Amino acid sequence: MKIAIVYTSKTGNTKELVYLIRDIFIQRKVEVMVYRVEQFQDMAIDQFDAMIVATYTWGNGEIPYEMMNLYHAFETQNVKHVVTGVAGTGDSGYEQFCGAVDQLRDMLYVHTTLAATLKIEITPQSEDIKRCKKFVDLLLERVTQERLLSNTKA
Ligand SMILES: Cc1cc2nc3c(=O)[nH]c(=O)nc-3n(C[C@H](O)[C@H](O)[C@H](O)COP(=O)(O)O)c2cc1C
């Protein structure tokens, strides 16, 4: 199973969330590759069974600029079979809490097999760990389901 987490983080909150999620995958004995979005620019999305996109939110509920190439890659590549999850940190003091997660979710729902979304207030707290585990498990269950489906079709 090939899984990647591609993320952006300005002040470190989303990076912390990403490494927490990565550790949960490791506990589940699943290997994941972690990339900052800038490192991922020319890579093919469809080499992965699953991909998590993780981001903060900027401006007025906006997706950070550095995420936009990846956003367009999902829109233009043939990646409907790739299972995806979207996670992010934000601040509920803003009108559109984790607005970037909402926008990515809507796009990934159309262009990929979206399995789960996760929004975290500022930075992950101990009470968020349960939600992070649920996020990882939903993603893994969906990958298993999709594999069974494609084996049935073959
Ligand atoms: C200028 C600015 C605009 C922001 N706009 C939003 C927003 O619209 N919605 C939101 O939920 N959070 C917003 N945030 C909060 C950040 O998304 C939040 O602090 C996030 O955890 C930062 O993640 P990072 O540490 O990974 O960079 C904004 C922060 C700044 C500084």
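Values for this structure:
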{"read-out": "Inter-label distance for LYS153 and LYS10, nm, one decimal - labels placed 7 Å from Cα along Cα-to-Cβ", "value": "4.0"}
{"read-out": "Low-density loop cleavage sites - trypsin sites (Lys or Arg not before Pro) in segment 7-46, where at most 15 other Cβ are within 10 Å (DSSP)", "value": "LYS10, ARG28, LYS29"}
{"read-out": "DSSP-loop GluC sites (Glu not before Pro) across segment 1-94, with at most 11 other Cβ within 10 angstrom", "value": "GLU31"}
{"read-out": "Inter-label distance, nm, simple model (7 Å from Cα along the C-beta direction), LEU138/SER92", "value": "1.7"}
{"read-out": "Net charge contributed by nearby residues that have their C-beta within less than 12 Å of LYS15 (K/R +1, D/E -1)", "value": "+2"}
{"read-out": "Gap separating the Cα centres of segment 1-72 and segment 100-154, nearest whole Å", "value": "12"}
{"read-out": "Principal-axis tilt of helix 129-153 within the chain, Cα atoms, nearest 10 degrees", "value": "30"}
{"read-out": "From phi via Karplus (6.51, -1.76, 1.60), per-residue ³J(HN,Hα) for segment 110-118 in Hz, x at Gly/Pro", "value": "6, 9, 9, 9, 6, 10, 6, 10, 8"}
{"read-out": "Under-5 Å amide H pairs with ILE120, H placed in peptide plane, nonlocal only", "value": "GLY88, THR89, GLY90"}
{"read-out": "Cα-centre dipole for the chain with unit charges at Cβ (Lys and Arg positive, Asp and Glu negative), debye to 20", "value": "600"}
{"read-out": "Low-density loop positions, GluC sites (Glu not before Pro), segment 93-154 - DSSP coil, at most 15 other Cβ in 10 Å", "value": "GLU95"}
{"read-out": "Interatomic Cα distance distribution for the chain, bins of 10 angstrom, percent", "value": "12, 44, 35, 8, 1"}
{"read-out": "Estimated vicinal HN-Hα couplings, Hz - segment 18-30 in sequence order (Karplus 6.51, -1.76, 1.60; Gly, Pro = x)", "value": "4, 6, 5, 5, 4, 5, 5, 4, 4, 4, 7, 6, 10"}
{"read-out": "Average accessible surface area per residue within segment 3-153, 1.4 Å rolling probe, Å²", "value": "53"}
{"read-out": "Relative contact order of segment 1-71, defined on C-alpha pairs under 8 angstrom at six or more residues apart (%)", "value": "45"}
{"read-out": "Greater than 18 Å apart at Cα, pairs in LYS2/LYS130; LYS15/LYS80; LYS80/LYS153; LYS10/LYS80", "value": "LYS2/LYS130; LYS15/LYS80; LYS10/LYS80"}
{"read-out": "Principal axis dimensions, segment 1-50 - Cα atoms, whole angstrom, descending", "value": "31, 30, 11"}
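The values are calculated or read from the model by the stated rules, or taken from the named source; none is laboratory data. Keep in mind it's a predicted model, so treat the numbers as computed, not measured. Glycine gets a Cβ as well: all are built from the backbone with ideal geometry, and neighbour counts include every protein chain shown. Areas reflect the complete protein model, heavy atoms only, side chains present, ligands, DNA and RNA absent. Shrake-Rupley method; radii C 1.70, N 1.55, O 1.52, S 1.80 Å.
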